[in-house]
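Next up is a structure, given as structure tokens.
Quick note: the coordinates plus some simple rules give every number you see, no bench work behind them. All figures in this text were calculated on a predicted structure; none of them were measured in a lab. Note that we place each Cβ from the backbone using ideal geometry, even for glycine, and neighbour counts take in every protein chain shown.
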Amino acid sequence: MIERKTPRNLPLRFGIIALIAAPGISHAAQVANGEALGDACTSCHGIGGHGTGYIPSIAGVSKVTLLQELKAFRAQSAQATIMNRIARAYTDPELEALAEYFSSRPRQ
Amino acid sequence: MKPLSRRNFILSSAASAAAPFLLAPVYAAAKGARVVIIGGGFGGVSLARYLRRHDPTLAITLIERDAQYTTCPFSNGVLGGLYPISQISFTYAKVKAAGIDVVNEEAVNIDPAAKTVTLAGGRTLKFDYLVVCPGIDFIWDSIKGYNEQAAELMPHAWKAGAQTSLLRRQLESMPDGGLVVIGVPAMPYRCPPGPYERASLIAYYLKANKPKSKIIILDASDAFIKQDLFMEAWHRLYPGMIEWVPGSKSGRVLSVNPSTLTVSTGFDDYKAAVANIIPAQRAGAIAVRAGLDEGTGYCAIDPVTFESRVHKGIYVLGDATIAGEMPKSGFSANGQAKACGRAILAAIAGSAAVPAKLLNICYSMAEPNYAFSIVDGFAVKDDSLHLTFEDNRTTPIGASDDEHSREAQSARSWYANITAEMFG
């Protein structure tokens, strides 16, 4: 296949590089990745992570705390109602991007 | 929240230094693209709000026949008397206030070549991108004797609203000791665990108010989702009250007589006090009329963008689609709307769509403080959507009362948050 070096392909290619190389990429890029990944989270946790009711609001929680919890859920070493099942769908760089994004949201 | 600019979203990476030169002309030219959305349910409203939150320049029109929307999720709670229907009904006021043009009319025709939608009143709307989210319509002749008039006597209540209220009134006025029949069609249908949650919450009402009554589920299928969890809950909460008849034991409803409330399977006739007959379903009429279902009843879509396999520039979301292993649920439609929204924003900017993470999280209530869930992730594989993991998808059997109570609280919190995302 001939690789066309057009603007059309560039964003996708950089997007993939960004996801794979998550630990090395900039804060802003990781927040943007996390925002896209976080689309699935807001259905329960609220827009930008500002939820109401029993499901925890995750906006503005520190990145370290969020990442620790998400990884513990995935490793089944912490109990949750459903998060220990959901976390299995995410890789390390994805969890990191999510933690970066939701920690960057202002608390309400 | 402060929406990320479209530029940030598309690039999302180290490309930002070079990209403004490459993308700026496309960005400017695409300003004010016209997005028309047919259907104001979980798919359509989620998409309209998502696009508006990410791009204030788009001209977004939402076509919805009804002035008010009642959610199917949580409508079984109305049947069980947990809360009034007003608590799960929403107007489009805040959708309009968000800068979305809500047109309360029925869409009757789509012209893919001219890129227009015709409304019942004769008006024609031009679109650059069309998203069809019509939900389901019923296949009335799937059960002999069942039709729109019969549904006034034997409600389906599978589109929430007047039918939900009708079924609730029938439950309230039935005598103690009566038989409630729930007829369940073959898959695929909207909300696969719905009939069994419905049986549970009707049992909750009957146990407290009409304890001699019984519920019989006449099912076209031989198994159902979260079956062990439902059976466990029925055994614990409503012993002897709910009977399930699978398809292989003559469970499939073949015909009904609305005037005598008789429901017939291959071998048996059931005389009901209340008959809740759920007929077979297909994509909403507008999708079928536009040929988006290719005669199959449901619409094939690209699993990344949700663009129709039939017509370019037209997208389909939610219950009307064939979405691989994703079930027909409000949660699915909401997630699909965001994936489709990103794909449309990418298309406007002239970039390729990136596959989204899709989930389906579905709580079922067995009583107000007893719920359980199924949690699924979906990824694109072989041009379709497949489960990310196949084990430990549900609440475990034998979970404690405390766990079931926390699931019920989570369910209520989910409902508040997802409806706020759409209607808040």
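When the Karplus curve 6.51 cos²θ - 1.76 cosθ + 1.60 is applied with θ = phi - 60°, which whole-Hz ³J(HN,Hα) does each residue of the range B:100-111 get, with x for Gly and Pro?
10, 7, 9, 10, 7, 9, 8, 7, 10, 8, 10, 10
Can you give the convex hull volume of the alpha carbon atoms of the protein assembly as shown per residue, in Å³?
Cα-based convex hull of the protein assembly as shown, divided per residue, equals 151 Å³.
So if we plug the beta-carbon distance of B:N209 and A:S26 into 1/(1 + (r/R0)^6) with R0 = 56 Å, what FRET efficiency do we get, rounded to 0.05?
Calculated transfer efficiency: 0.35.
For the range B:340-401, what is one quarter of the convex hull surface built on the Cα atoms, given in nm²?
Convex hull of Cα atoms, orientation-averaged projection: 6.1 nm².
Okay, moving on. Roughly how far apart, in whole Å, are the Cα centres of the range A:64-97 and the range B:130-165?
So the separation of the two Cα centres works out to 41 Å.
If you don't mind, there's one more thing I want to ask. Taking all pairs of different Cα atoms in the range B:235-382, averaging 1/r and flipping that mean, what Kirkwood radius in angstroms comes out?
18.6 Å
Extending each Cα 7 Å along its Cβ direction at B:R169 and B:E325, get the distance between those two points in nm, one decimal.
4.4 nm
Per the Kirkwood treatment, what hydrodynamic radius in Å, one decimal, follows for chain B from the mean inverse distance over all distinct Cα pairs?
Final number for the Kirkwood radius of chain B is 22.5 Å.
Longest span of chain B, sites excluded, free of trypsin sites (Lys or Arg not before Pro) in DSSP loop with at most 11 other C-beta atoms within 10 Å?
Longest stretch, sites excluded: B:313-424.
Rounded to the nearest 0.05, what FRET efficiency do B:R65 and A:R107 give with R0 = 30 Å and r taken as the Cβ-Cβ distance? Could you check?
Efficiency, rounded to the nearest 0.05: 0.15.
Can you tell me the dipole magnitude for the range A:37-108 around its Cα centre, using point charges on the Cβ only (Lys, Arg +1; Asp, Glu -1), in Debye to the nearest 20?
For the range A:37-108, the charge dipole is close to 180 debye.
Further, regarding this structure: Starting from the Cα of B:A113, step 7 Å toward the Cβ, then list every residue of the range B:264-285 with an amide N under 16 Å from that point.
No residue qualifies, since no backbone N sits under 16 Å from the label point.
Just subtract the alpha-carbon distance of B:R34 and B:R123 from 0.36 nm times their residue separation and send over the number in nm, one decimal.
30.4 nm
Just to verify a number: FRET efficiency for B:K144 and B:K381, C-beta to C-beta distance, R0 = 35 Å, to 0.05?
Efficiency for this residue pair is about 0.30.
I would also like to ask the following. Expected output is a single nm value to one decimal: the length gained when fully extending between B:A98 and B:D401, i.e. 0.36 nm times separation in residues minus the C-alpha distance. What is it?
104.9 nm
So how much slack lies between B:Q409 and B:F389, counting 0.36 nm per residue of separation and subtracting their Cα-Cα distance, in nm?
Going from the current span to full extension adds 4.7 nm.
Further, regarding this structure: Quick check: the distance between the Cα centres of the range B:343-419 and the range B:42-75, to the nearest angstrom?
After rounding, the separation between the Cα centres reads 20 Å.
Given the DSSP H assignment, sum -39500 (n - 2.57) over each helix run of at least 4 residues in chain B and divide by its residue total; what's the result at 222 nm in deg cm²/dmol, nearest 500?
-9000 deg cm²/dmol
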